[in-house]
Amino acid sequence: MKTTGGSEVEKRNAGERAAELVADGAVVGLGTGSTTAHAIRALGRRVEDGFEVQGIPTSYQSADLAREVGIPLTTLDDAAPAIAIDGADRIAGFELIKGGGAAHTREKLVASAAARLVIVADPSKECETLDRPVPLEVLPAARRPVSEVVEGLGSTPDLRLAERKDGPVVTDNGNLVLDCDFGRIEEPADLAQKLASIPGVLEHGLFVGLADTVLIGTETGVEERE
Ligand code: 5RP
């Protein structure tokens, strides 16, 4: 699994603390990424000990890992998550940029359906003001028109390429990702509204007003923010 940013110890401390917040019998949203993977593995160990949970995955990656560690899966059609655990690429207070793993559409869907969203991250993700390109998942047929609108908003969109640069990243939903650099985002709610209204944009990676708890793993423990 691709890892980014901080140390594995920092990520594990955040992920394992998040797994402790899940109640027996709960339905839990399973985010995507290297930090959330620690939470999924920790939940798997609890399941081995007789703990009962059902997971709602946000990507093929999180579904595969959940199956591997023995977490039974369900869907939003059948259950609403009491809690969702997910990572982030940038965190300013409780506002986030997500989508580094191109999974932000289903991540936002699951996070919005959950009664509580717990974000797990290492300290490298924290910032004063959101300042990283915002990923947009776009329909392949909408790439040019969406790019033009985004340019009008002051950004130059970059089509996300696969690691070997032999083609574009294709999301789990069969779409493309445009990474859109807006510099420092002083008004994330305002930008979120503008991006959400562009025809052909499935979802953008700004998560505003969704996170309830932020867990920042350190080398020795976890800083918790509610
Ligand atoms: C995937 C995401 C991830 O949660 C985000 O990229 C953080 O990943 P990691 O924990 O590996 O740094 O938004 O779409």
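Only the coordinates and a few stated rules stand behind these numbers; no lab work does. Everything quoted here is computed from the prediction, not taken from an experiment. With ideal geometry, Cβ positions are generated from the backbone for all residues, glycine too; neighbour counts draw on all protein chains shown.
The table for this structure:
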quantity	calculated
Inter-residue pairs, beta-carbon under 6 Å, first in contact (Cβ under 8 Å) with a residue 40 or more places away in the chain and within 9 Å of residue 92 (Cα to Cα) and in segment 114-131, second more than 9 Å from the ligand (Cβ to nearest atom) and of a type in the set (Gly, Ala, Ser), 6+ apart	129/92; 130/92
Residue list for segment 164-185, restricted to those being in contact with a strand residue (DSSP E or B) (Cβ under 9 Å, 6 or more places away or on another chain) and either farther than 20 Å from residue 108 by Cβ or among the charged types (D, E, K, R) (or both)	167, 168, 179, 181, 184
Candidates 138, 118, 146 - the one that is over 30 Å from residue 82 (Cα atoms) and surrounded by 17 or more Cβ atoms within 10 Å (Cβ to Cβ)	146
Tally of residues being touching a Ser or Thr at 6+ places or on another chain (Cβ under 8 Å), within 10 Å of the ligand (Cβ to nearest atom) and closer than 24 Å to residue 221 by Cβ across segment 93-123	4
Every residue from segment 8-22 that is buried (at least 19 other Cβ atoms within 10 Å of the Cβ) and within 12 Å of the ligand (Cβ to nearest atom)	10, 11, 12, 14, 15, 18
From 189, 196, residue being among the aliphatic types (A, V, I, L, M) and under 21 Å from residue 106 (Cβ atoms)	196
Hits in segment 64-75 - residues which are away from the ligand (no atom under 14 Å from the Cβ) and outside any loop (DSSP other than H, G, I, E, B)	64, 66, 67, 68, 73
Residue that is part of a loop (DSSP other than H, G, I, E, B) and away from the ligand (no atom under 16 Å from the Cβ), where the choices are 5, 25	25
Failed condition for residue 42, given (1) free of Cβ contacts under 8 Å to residues at least 24 places away in the same chain; (2) touching an Asp or Glu at 6+ places or on another chain (Cβ under 7 Å)	(1)
Count - residues of segment 76-92 that are near the ligand (Cβ under 8 Å from one of its atoms) and assigned to a loop (DSSP other than H, G, I, E, B)	3
Residues that are within 15 Å of the ligand (Cβ to nearest atom) and outside any loop (DSSP other than H, G, I, E, B), drawn from segment 29-55	29, 30, 34, 35, 36, 37, 38, 39, 40, 41, 42
Checking residue 154 against (1) out of contact with any helix residue (DSSP H, G or I) (no Cβ under 6 Å at 6 or more places or on another chain); (2) over 30 Å from residue 8 (Cα atoms); (3) crowded, with 21+ Cβ neighbours inside 10 Å, the condition it does not meet	(3)
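Yes or no, residue by residue, for (1) crowded, with 18+ Cβ neighbours inside 10 Å; (2) under 17 Å from residue 121 (Cα atoms):
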site: 28; (1), (2): yes, no
site: 38; (1), (2): yes, yes
site: 42; (1), (2): yes, yes
site: 48; (1), (2): no, no
site: 51; (1), (2): no, no
site: 64; (1), (2): no, no
site: 73; (1), (2): no, no
